[in-house]
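Novice: Below are the structure tokens for one structure; questions will follow.
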Amino acid sequence: MTSLRWWQILASLLTSSALVSSAGAALTVDDAVRLALTQNPQIVSSKAAILDARSGAYSAYSGVLPRISGSVTRYLSATDNQAGGRNVGGTLTQPFTSDFEIHGTNPTLTGSWNLLDLSAWAGVISARRSQSAARHSMQSSRNEVAFATRRQFYEVVKAVRLSLVADSALRLSRDDERRVRALFEVGSVSRNDLLRAQVRTAQSELDSLTRRQSIVGQRILLADQLGIAEERLDEVDTSLVVARRTDELETLVQEAGRARPDLRSAETELAAARANVTSARLDYLPYVNGSASMTFNPTSRSTSTVDPPGAPAIPPGVSSSESESDRETSASIAVSMDLFNGFATQARNASAKARLMRAQESRDQLQRGLRGEVRRSLLAYEAAVAGEQVARRALEAARESLKLAREKYNVGSATILDLIDAQVSHERASADVVSALAAIRVADADLDRVRGRAE
């Protein structure tokens, strides 16, 4: 076998191993966010809202742009056995019967245009601003989905890490129970001590089972957030790396005021509502519209058959006529004003004012609560950081206490129950550290959300 062949086999093996490792890679929080931003139901609804806003813009443009339509008309008119006389030379002839047939083809191009409609132009401005508000709302939904996904992802991570702590505690409980049982059999401890060890083992088994069930429940919630089935959800990356950040309240408030898409959406929606009110008020004014039509090469042919019994002045027979034109053109311009349309204008004005009131209140509510929301998120982050520091100090104390209890137990100055209590405290402190780290990651994601950078 040549060296080239060996290199080809080695490259194939490396490629296969890389594919396997990538296929089995754990789901990171960024991967989860990217998946949620494509399949989350809230994102789908936001995309539908953008389409609705685009439809409204198209409808508004239809009120100010010209309308052009084309048609080809083929017509036929036939009259059979028409009876009556004719005035010939001042004398009415005797009644006679006749047949008529007229047919032709008219290709026509028709156009109309609202030349001056201030209400329609204001409606266009309102629709364009509504479309912009829908885009900002879409970005706000993306930020909310990203934050909710990160929060749920870390709930899964916390559940997995706490389950590992519970499994470790269960192993310690079983080991301690075996040791207490052995001491009880040789008479070194009382039966009450053995019962306490058994109760602790049972409690640890219950805690371990509860933690495993919590993993399943949190995974289902994460899968719902991602818009997939739980069976398709990969194992999550359970690392909890925390990077400290220092943010000033005033800086965060200013950044949030500039970058928050929900606030920008509210501002744009308020502007759209004001333009809509203007459009509704302009409905009371007259408007100018024009129309025109052009028929190309119209043709007309007619045939008549006359049978005049007893009327010698009109010879019997068949007569026909034919006409053609190069073009027929007509145009008109009109000034119109709705004097009374069944209170439709009043209804539109009332609806526009109601929309303006809601938009104004929504914008004001966001502005009023902006500083408080940013401050609350910043305090939550600082509390999470402080809680993690306290949890780590408690863990260090529990670790030292466990070390001391183990040394005392080895020299006989402490009982097995003292050692068990120290182990329980250490396991609880470990669980508290895990919860504190997850809380920091969630608070960090919330800070990014309130400042408008959740993605």
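The values are calculated or read from the model by the stated rules, or taken from the named source; none is laboratory data. Everything numeric here is computed off the predicted structure, so don't read it as measured data. Note that each Cβ is placed from the backbone with ideal geometry, even for glycine, and that neighbours are counted across all protein chains shown. For accessibility, only protein heavy atoms count, side chains too; no ligands or nucleic acids. Shrake-Rupley method; radii C 1.70, N 1.55, O 1.52, S 1.80 Å.
Novice: Do you know which residues across segment 425-443 are basic (Lys, Arg) and either outside the structural domain of residue 143 (by the TED database) or surrounded by 20 or more Cβ atoms within 10 Å (Cβ to Cβ) (or both)?
Specialist: 441
Novice: Where residues in segment 338-355 are of a type outside the set (Gly, Ala, Ser) and more than 15 Å from residue 282 (Cβ to Cβ), which of them is nearest to the chain's Cα centre (by Cα)?
Specialist: Only one residue fits best here, namely 355.
Novice: Another question, then. Scanning segment 402-424 for residues that are within 21 Å of residue 204 (Cα to Cα) and open to solvent by 60 Å² or more (accessible area, probe 1.4 Å), which turns out modelled with the highest pLDDT?
Specialist: 406
Novice: Would it be correct to say that residue 320 is open to solvent by 60 Å² or more (accessible area, probe 1.4 Å), among the polar types (S, T, N, Q), over 30 Å from residue 271 (Cβ atoms) and modelled with pLDDT of 75 or more?
Specialist: No.
Novice: Out of everything in segment 141-170 that is farther than 29 Å from residue 210 by Cβ and surrounded by fewer than 21 Cβ atoms within 10 Å (Cβ to Cβ), what residue ends up being nearest to the chain's Cα centre (by Cα)?
Specialist: Only one residue fits best here, namely 142.
Novice: Also: Take residue 282 and decide whether it is under 30 Å from residue 114 (Cα atoms), in contact (Cβ under 8 Å) with a residue 12 or more places away in the chain, open to solvent by 20 Å² or more (accessible area, probe 1.4 Å) and in a helix (DSSP H, G or I).
Specialist: Considered against the rule, which asks whether it is under 30 Å from residue 114 (Cα atoms), in contact (Cβ under 8 Å) with a residue 12 or more places away in the chain, open to solvent by 20 Å² or more (accessible area, probe 1.4 Å) and in a helix (DSSP H, G or I), residue 282 comes out as yes.
Novice: Let me ask something else about it. Tell me the residue from 198, 254 that is modelled with pLDDT of 85 or more, in contact with an Asp or Glu (Cβ under 7 Å, 6 or more places away or on another chain) and assigned by the TED database to the domain that holds residue 157, please.
Specialist: None of the other options fit; the residue is 198.
Novice: If you go through segment 227-249, how many residues are in a helix (DSSP H, G or I) and either over 30 Å from residue 382 (Cα atoms) or at pLDDT 90 or above (or both)?
Specialist: Going through segment 227-249 one residue at a time, the tally reaches 3.
Novice: In addition: Give 190, 173 a once-over and let me know the one that is crowded, with 22+ Cβ neighbours inside 10 Å, more than 34 Å from the chain's Cα centre (by Cα) and of a type outside the set (A, V, I, L, M, F, W, C).
Specialist: The conditions single out 173.
Novice: Take segment 340-382 and flag every residue that is among the aliphatic types (A, V, I, L, M) and touching a residue at least 24 places away in the same chain (Cβ under 8 Å).
Specialist: Selection gives 352, 356, 359, 366, 370, 374, 378, 380.
Novice: If the requirement is being closer than 17 Å to residue 265 by Cα and out of contact with any Cys (no Cβ under 9 Å at 6 or more places or on another chain), which of these qualifies: 151, 174, 135?
Specialist: Checking each option against the conditions leaves just 135.
Novice: Can you tell me which of (1) assigned to a strand (DSSP E or B); (2) at pLDDT 90 or above; (3) of a type in the set (Lys, Arg) is the one residue 74 doesn't meet?
Specialist: Residue 74 satisfies every listed condition except (2).
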